[in-house]
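To start, the structure under review is shown below, and the notes come after it.
The values are calculated or read from the model by the stated rules, or taken from the named source; none is laboratory data. This is a predicted model, so every value here is computed, not measured. Neighbour counts run over all protein chains shown; Cβ positions are idealised from the backbone, glycine included. Ligands, DNA and RNA are stripped out before the accessible areas are found, and what is left, the full protein with its side chains, is counted by its heavy atoms. Shrake-Rupley method; radii C 1.70, N 1.55, O 1.52, S 1.80 Å.
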Amino acid sequence: EISAALTGDSGWERMGDQSRKMEAKKLGSFKHNTYAMEISMLAPLKGKEFTLTSVPDSKVDGKEVEGFKVSRKGSEDVTLYFDKKTHLLTRSITKIYNEFTDGTSEQVSDFSGYTKNKSGQWEFSKVT
């Protein structure tokens, strides 16, 4: 079992029964990953601190998608892709720190398993 936690400007990770404080680069990446997950909920994008820029259309699993690059001062960009027919979020792409290469890697998250909740809003149940 692997878990991680943030408290202010500190972060910890736990694997099995061993815990350790996150190093600065990994902590920054973990904060960015949390930010990327937050904006995938879309509501935060109403904030004035975000800039959305159209990117070229693409395909995800054979489906036509349209994309937007999300930018915010002090944060790495995140590109969100939406299914052209359903308009549901399909994919998120961003760059994260890779502790194994001590460089950056592209992180691709695909969203699926959409169902409507009691309020009639769409929710995804699977991120891969």
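Checking the stated criteria, LEU80 turns out not to satisfy the condition of being closer than 25 Å to GLU123 by Cβ, surrounded by fewer than 15 Cβ atoms within 10 Å (Cβ to Cβ) and either within 11 Å of the chain's Cα centre (by Cα) or not aromatic (Phe, Trp, Tyr) (or both). From the set of residues in the stretch 83-96 that are surrounded by 16 or more Cβ atoms within 10 Å (Cβ to Cβ) and not charged (D, E, K, R), which is farthest from THR115 (Cα to Cα)? Applying the filter and picking the extreme gives ILE96.
Does any residue of the stretch 36-49 turn out to be in contact with a Lys or Arg (Cβ under 6 Å, 6 or more places away or on another chain) and under 20 Å from GLU123 (Cα atoms)? The answer is no; no qualifying residue exists. In this structure, LYS25 does satisfy being outside any loop (DSSP other than H, G, I, E, B), modelled with pLDDT under 95 and among the basic types (Lys, Arg). For the stretch 36-66, a residue qualifies if it is open to solvent by less than 90 Å² (accessible area, probe 1.4 Å) and either aromatic (Phe, Trp, Tyr) or in contact (Cβ under 8 Å) with a residue 24 or more places away in the chain (or both), and the qualifying residues are ALA36, ILE39, SER40, LEU42, LEU45, PHE50, VAL55, ASP57, VAL60, VAL65.
Report, by residue number, each residue of the stretch 52-97 that is touching a helix residue (DSSP H, G or I) at 6+ places or on another chain (Cβ under 8 Å) and among the small types (Gly, Ala, Ser). SER75, SER92, listed by residue number.
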